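The values are calculated or read from the model by the stated rules, or taken from the named source; none is laboratory data. A quick note: this is a predicted structure, and the numbers were derived from the prediction, not measured. Neighbour counts run over all protein chains shown; Cβ positions are idealised from the backbone, glycine included.
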Amino acid sequence: MTIQKNATMSKQLVLTANGSHDTLINSPDQEYNGITIGEIASMVDDPQAKPKADAAFIIPSTYRKHDGRSHAAQRERGEYWMLTIDIDEGNPTADLIEYALEGIIADATRLIYTSSGATADNMKWRVLIPLKSPLTGAEYVDAQLALFDMMDGEFGIKCDTALSRTGQPIYLPNVPADKRDAGGKPNFYIGKKHRGSCMIDPKDSRIWANVEFRAKQAEIAEFKAEQERAARQAKREEKRNQRGDDVDPVDEFNQRHSIADLLLKYGYEQQGRSDSYRSPQQSSGSFATKDFGTHWVSLSGSDAGAGLGQAKEGICWGDAFDLYVYHEHVNDFTKAVRTYAQELRPDAAKQRDTILQDAYKASDDLDDFEFIPDDDIDVSAGTDIPQQGGIIQPDKPKRPIFWARDAKPVLSSSYLIKGWLGAGQMSVVYGPSNVGKSFFCLDMAFCIAAGIEWQGSRVKGGTVLYLATEGGNAFHNRVVALRNEYGIDDAALAVRPAPIDLLRPEADLADLIELCREVESESGQPIALIVIDTLSRAMAGGDENGPTDMTAFIANIDALREVTKAHNMIVHHSGKDSAKGARGHSSLRAATDTEIELEVEDNIRTATATKQRDLEPKSPIIFNLKVHTLGTDEDGDDVTTCTIKPADPDDVEDAKLKKPKGANQIAVAAAYRQMKGESIGMPNTGGAGWPEPGKYWTIDETDFRNFAVGKLTAANPRDAYLTAVKALVSSGYMVQNEGYIWMTGKDGRVKS
């Protein structure tokens, strides 16, 4: 966030008046008085001493005409030079208020003071935040709501959402006479002035980032809701054409009732004259419900959690009938259909019963944009509907269960790379620095994007978005090398070589979702894989070891997966103790479906699936890096990069060997290498119990024991030698046969 020095605000006169009786609405030739931030700052030091009914207040806008107290007038013509906060509950301390403001607006100028109703045991606060540049009425509403959400969501401080209204007054510092002592000193009052570095630029702040994030969330939600509404509308029309229905109660209700009328009827608060509303379920001050005429969309988690309409991903949407179902029939869809059908056709008993029967049968399949068909039922034709007293008793809706006797094997599998990556899941690929994590993950990504087999495993291809957070030209070169290696130029791989912040949802998440849509549109197919390389850069300075930041990061990854349905692969580093896996808080591993560890020793790299939630894991992959020369630079030096390649069989054999452990085993192995280096011994012979002739360097076991014992520092070297050799032979690292001993790895081969 940038805070810039500017004295413009100090000269602005925002609207001020005294008490609720001070109104000029019927005096079009007059205007309200103005007050500067400097004059308000003086009042913080020396508060008014007026009854509340006469106390001065401000509307932080420079529009001061006779209708300046009108919400509509200020929304249309207001120019706002302050953000304001009113805290009347929770009893927060001054230190907590300062801490929260520091986290949101950093070192920006602000004025903080207690309200006239505050006491030492019941703190109530007002905050004024001067702005470097003004906001329009509509922008002010958005910024206020974003500020309130951040205060509550990040610091647990609830603000009065009434101050998001454009004409809402905020009272200036005031301690009435009856709350002062005999000398006129306030019994209780706290006023704080923080000049700070300067005044905040609202469009270059965390607050505005939150505004833009909320706007993008709304745009995405509205787009998805309209898509689903249109699809369901087409399905309704298709069913109606097939059945020849003339009327169905859901459709008839939607034609006869407007969403706007129902919202007001059911207690929604309208934002001025706009198409935005605040629902009765909401605890926040935002106007989260929007009326689109044919349908509505709510971004309120409270609405979605209450089961209003069609809920998904923390949002919900529906039509007029859904409002009727929820508010008048306690979300009982069947009862709502039956009741309204009776209103439409009070004398048509047969049609009523048909509607009732269809409602029960269809209730599990219907959602907010579906309809109830109106078929006739011939009870005499052997229907399964039970009858009692001449009334058709409908079947109860079937629940989505199956019995053990009905279970059938599911033989299809959902994977990107069989045995390695599951579709739509989350994976972590981790290892130490310079192990080749990016080369490994980019190779996976390229094969998925190209739809070709990866390292001997089947692939279900799709578009890939690779987030190379360290940027630079390196990924251009790596992709060129992969194109050359596989002979494929048109793989559906998009690389974003730039930093990204996936810790704070208001930062880059919405833009990333929008980028995914653009990539999908250009490629013509959904994104199958998103690679985040690396976690530390994508957390933007967050604490990997703390639960708060790590769970926030995981939540954003989950949101990205939910929207895109793509597998998310996170490239990460191992901790100081590699045996403990990837570094950071344990919540990361708990949330991970697939975990792949990369290790390196003597340029031999191993990839092992250390966790698989659903897939049957494959055997480890052992690989090397293959160097590609792409050309020369301006100095004539080679420009190189790498791809991965399967290791040679001998290297694979070495990688599978258990390495010597402990000082004695290591010393015995070193003794063998020294004797071999001095040509003591000979290549192995052939025959039973021997490898192919001439493959390994063998040493007479007596000579080797005498030499190796001299290298050991144990109290009893001979016993230590026997124990060490026994362990090495048992692990397959060494072999004894007919009085000879040798190593099985590359150090034991004649040509190593």
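Annotations for the structure displayed:
- Scoring S438 on the criteria (1) in contact with a helix residue (DSSP H, G or I) (Cβ under 9 Å, 6 or more places away or on another chain); (2) farther than 25 Å from S587 by Cα leaves a single failure, condition (2).
- Scanning segment 486-523 for residues that are modelled with pLDDT of 90 or more and loosely packed, with under 14 Cβ neighbours inside 10 Å yields a count of 5.
- Flag for R64 being over 25 Å from S205 (Cβ atoms), of a type in the set (D, E, K, R) and in the same structural domain as G153 (by TED's automatic domain parsing): yes
- Residue among N624, N568 that is surrounded by 15 or more Cβ atoms within 10 Å (Cβ to Cβ) and either closer than 20 Å to I500 by Cβ or in the same structural domain as V729 (by TED's automatic domain parsing) (or both): N568
- The lone exception for H567 - which of (1) closer than 19 Å to Y430 by Cβ; (2) without any contact (Cβ under 8 Å) to a residue 60 or more places away in the chain; (3) of a type outside the set (A, V, I, L, M) it fails: (2)
- Residues (over 17 Å from P660 (Cα atoms) and among the small types (G, A, S)) located in segment 709-748: G710, A715, G739
- Some residue of segment 105-118 being in a loop (DSSP other than H, G, I, E, B), touching a Pro at 6+ places or on another chain (Cβ under 9 Å), at negative phi and not hydroxyl-bearing (S, T, Y): no
- The residue pairs whose first member lies in segment 640-660 and is more than 21 Å from M444 (Cβ to Cβ), whose second member is β-branched (V, I, T) and modelled with pLDDT of 90 or more, and whose beta carbons are closer than 7 Å, counting only pairs six or more residues apart or on different chains, are T640/V627; T640/T629; P660/I666.
- Residues (surrounded by fewer than 22 Cβ atoms within 10 Å (Cβ to Cβ), within 23 Å of the chain's Cα centre (by Cα) and in a helix (DSSP H, G or I)) located in segment 421-454: S438
- Test: residue in segment 475-491 that is touching a strand residue (DSSP E or B) at 6+ places or on another chain (Cβ under 6 Å) and among the polar types (S, T, N, Q): yes
- Residue check, P130 in contact (Cβ under 8 Å) with a residue 12 or more places away in the chain, in contact with a Leu (Cβ under 9 Å, 6 or more places away or on another chain) and assigned by TED's automatic domain parsing to the domain that holds M82: yes
- Of the residues D152, D142, the single one that is assigned by TED's automatic domain parsing to the domain that holds L15, of a type in the set (D, E) and over 23 Å from F57 (Cα atoms) is D152.
- Consider segment 711-735 and keep the residues that are within 56 Å of the chain's Cα centre (by Cα) and part of a loop (DSSP other than H, G, I, E, B). The one that is surrounded by the most Cβ atoms within 10 Å (Cβ to Cβ) is Y733.
- Only a single item in (1) crowded, with 19+ Cβ neighbours inside 10 Å; (2) at pLDDT below 75; (3) in a helix (DSSP H, G or I); (4) not β-branched (V, I, T) is not met by K235, and it is number (1).
- Of all residues making up segment 287-310, the number that are charged (D, E, K, R) and part of a loop (DSSP other than H, G, I, E, B): 0
- Some residue of segment 127-145 being part of a loop (DSSP other than H, G, I, E, B) and closer than 26 Å to A53 by Cα: no
- For A708: the one exception among (1) in a loop (DSSP other than H, G, I, E, B); (2) within 11 Å of Y672 (Cα to Cα); (3) small (G, A, S): (1)
- Reported count of residues in segment 99-127, each being among the small types (G, A, S) and in contact (Cβ under 8 Å) with a residue 60 or more places away in the chain, is 5.
- In segment 184-210, the residues that are buried (at least 20 other Cβ atoms within 10 Å of the Cβ) and in a loop (DSSP other than H, G, I, E, B): S205
- Cβ-Cβ distances below 8 Å connect the following pairs, each with a first residue in segment 16-42 that is farther than 19 Å from T109 by Cβ, a second residue that is at pLDDT below 90 and among the β-branched types (V, I, T), and a separation of six or more residues or different chains: A17/T23.
- Residues of segment 544-553 that are surrounded by 15 or more Cβ atoms within 10 Å (Cβ to Cβ) and touching a residue at least 40 places away in the same chain (Cβ under 8 Å): E544, D549, A552, F553.
- Scope segment 710-732; condition more than 16 Å from W742 (Cα to Cα) and without any contact (Cβ under 8 Å) to a residue 40 or more places away in the chain; matching residues: G710, A715, N716, P717, R718, D719
- Test for G542: is it assigned by TED's automatic domain parsing to the domain that holds N568 and out of contact with any helix residue (DSSP H, G or I) (no Cβ under 6 Å at 6 or more places or on another chain): no
- Only one of the numbered conditions (1) free of Cβ contacts under 8 Å to residues at least 60 places away in the same chain; (2) surrounded by 18 or more Cβ atoms within 10 Å (Cβ to Cβ); (3) hydrophobic (A, V, I, L, M, F, W, C) is not met by A590, and that is (2).
- Within segment 19-68, tally of residues that are of a type in the set (D, E), in a helix (DSSP H, G or I) and out of contact with any strand residue (DSSP E or B) (no Cβ under 7 Å at 6 or more places or on another chain): 1
- Breaking point among (1) within 42 Å of the chain's Cα centre (by Cα); (2) modelled with pLDDT under 80; (3) crowded, with 19+ Cβ neighbours inside 10 Å, for K312: (3)
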